Amino acid sequence: MASKVSLKTKGKGGKGSKGSDEKSAAQCLKDWSTWAMKKAKVVTHYGFIPLVIVIGMNTEPKPQLYQLLSPV
Amino acid sequence: MAGLVPPGTTAVPADVSHTAHTKHDEKTDYMNLPCPIPYEELHREALMSLKPETFEGLRFDFTKGLNQKFSLSHSVVMGPTEIPSQSAETIKIPTAHYEFGANFIDPNLMLIGRVLTDGRVNARVKWDLTDNLTVKANAQLTNEPHMSHGMFNFDYKGKDFRSQFQMGNGALFGASYIQSVTQHLSLGGEVFWAGQHRKSGIGYAARYETDKMVATGQVANTGIVALSYVQKVSDKVSLASDFMYNYLSRDVTASVGYDYILRQCRLRGKIDSNGCTTSYLEERLNMGLNFILSAEIDHRKKDYKFGFGLTVG
């Protein structure tokens, strides 16, 4: 039992030291790219249709704002 | 004047000889083959005739153009929707939703966005960077985590070939290439690699096209063999047939159909080897007003779907 406990703490201590080394460049890049993809997904989800509407409302001939809402 | 006349006289005989080539097919000019259609549209004619978008229930589409390039669309769909079930019988749940869409269509840039009442967004972008290079993006985004999909395609069009590279989420990569080999025949191949499912595949395709008929064939190492043949009987009628065989799962489907394109309506019908008949009618009631009737009867599964709809604009 005592040996088991000591093995556990050794393992945890070993993992702790390895963990600080594991944050290598590849891991950082992967973390950042995942974060960027998540943000890009949220931005696209909420912003794509407003973007299309803004681009459309600024082309010539400029449509009026009420034309967006009225069914005619 | 003297300098202008010689090019004129040389241009006319070349035109006459070009029409002689295309009409009489005496000699193919292998340096001037036509550009083939994109790889994903290989079965285009057969798909248009044999797989109309059948639906069940009511469908109402209203497209309002604000501009030459910009339009908004509103769509209401009410009807039973099938949910996948393990048992043999089909389970349908009545659903109703409203979809709002915004389209911006320019010669170089096309943006199409659709949003549904449950928060799903469907976005498509097509951007022609140059005459030959096109970037396309397609995304279906939902509020549920891990259920969103996105795909980017980079297309390069050469003089008589087309190539495409695609990347999607879940480490999905694909590439395809199609080349015109003679005036009528084009051959192509594709590879894909899906990282998340640890699958990869390779496939080959061939398409033979004349004025009167189109025959295509596609083989893939996922076990699919798909052949199709479309005959244009007249400019109003075309007949199509399709054969799909999966040699790994021993699944065979053959279908035969017709496509009548008349002045006021378009009627498509098909019958399947699975005991399923489909019919789809689009009737033009007035300028910009289309009435749609759709019927799909599956005798084997005893699943009957009838739908009607109206499209305005």
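The values are calculated or read from the model by the stated rules, or taken from the named source; none is laboratory data. Only a predicted model underlies this, so the values are computations on that prediction, with no experimental measurement involved. Here Cβ is always computed from backbone atoms with ideal geometry, including for glycine, and neighbour counts include all displayed protein chains.
One table, with the values for the structure above:
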quantity: Strands (runs of 3 or more DSSP E) lying entirely in the range B:225-308 (those with 3 or more residues that are among the basic types (Lys, Arg) and buried (at least 16 other Cβ atoms within 10 Å of the Cβ)); calculated: B:265-272
quantity: Residue selected from the range B:154-183 under the condition within 14 Å of chain A (Cβ to nearest Cβ) and part of a loop (DSSP other than H, G, I, E, B), by the criterion modelled with the lowest pLDDT; calculated: B:170
quantity: Subset tally (residues that are outside any strand (DSSP E or B) and within 14 Å of residue B:99 (Cα to Cα)) for the range B:115-131; calculated: 4
quantity: Of all residues in the range B:253-270 being without any contact (Cβ under 8 Å) to a residue 60 or more places away in the chain and charged (D, E, K, R), the one that is nearest to residue B:310 (Cα to Cα); calculated: B:266
quantity: Positions within the range B:76-86 being outside any strand (DSSP E or B) and within 13 Å of residue B:303 (Cβ to Cβ), in sequence order; calculated: B:85
quantity: Subset of the range B:82-122 that is at the interface with chain A (Cβ under 9 Å from one of its Cβ atoms) and among the aromatic types (Phe, Trp, Tyr) - its residue that is surrounded by the most Cβ atoms within 10 Å (Cβ to Cβ); calculated: B:104
quantity: Residue within the range B:167-183 that is over 20 Å from the mean Cα position of the chain (by Cα), surrounded by fewer than 15 Cβ atoms within 10 Å (Cβ to Cβ) and under 15 Å from residue A:45 (Cα atoms) present; calculated: no
quantity: Members of the range B:132-153 found to be away from chain A (no Cβ under 11 Å), part of a loop (DSSP other than H, G, I, E, B) and in contact (Cβ under 8 Å) with a residue 12 or more places away in the chain, listed by number; calculated: B:132
quantity: Single residue of the range B:185-201 satisfying the filter (over 20 Å from the mean Cα position of the chain (by Cα) and in contact (Cβ under 8 Å) with a residue 24 or more places away in the chain) that is surrounded by the most Cβ atoms within 10 Å (Cβ to Cβ); calculated: B:194
quantity: Sole exception among (1) among the basic types (Lys, Arg); (2) surrounded by 14 or more Cβ atoms within 10 Å (Cβ to Cβ); (3) free of Cβ contacts under 8 Å to residues at least 24 places away in the same chain for residue B:162, by number; calculated: (3)
quantity: The listed residue being loosely packed, with under 11 Cβ neighbours inside 10 Å, aliphatic (A, V, I, L, M) and either closer than 29 Å to residue B:100 by Cα or at the interface with another protein chain (Cβ under 10 Å from one of its Cβ atoms) (or both), out of A:51, A:65, A:29; calculated: A:65
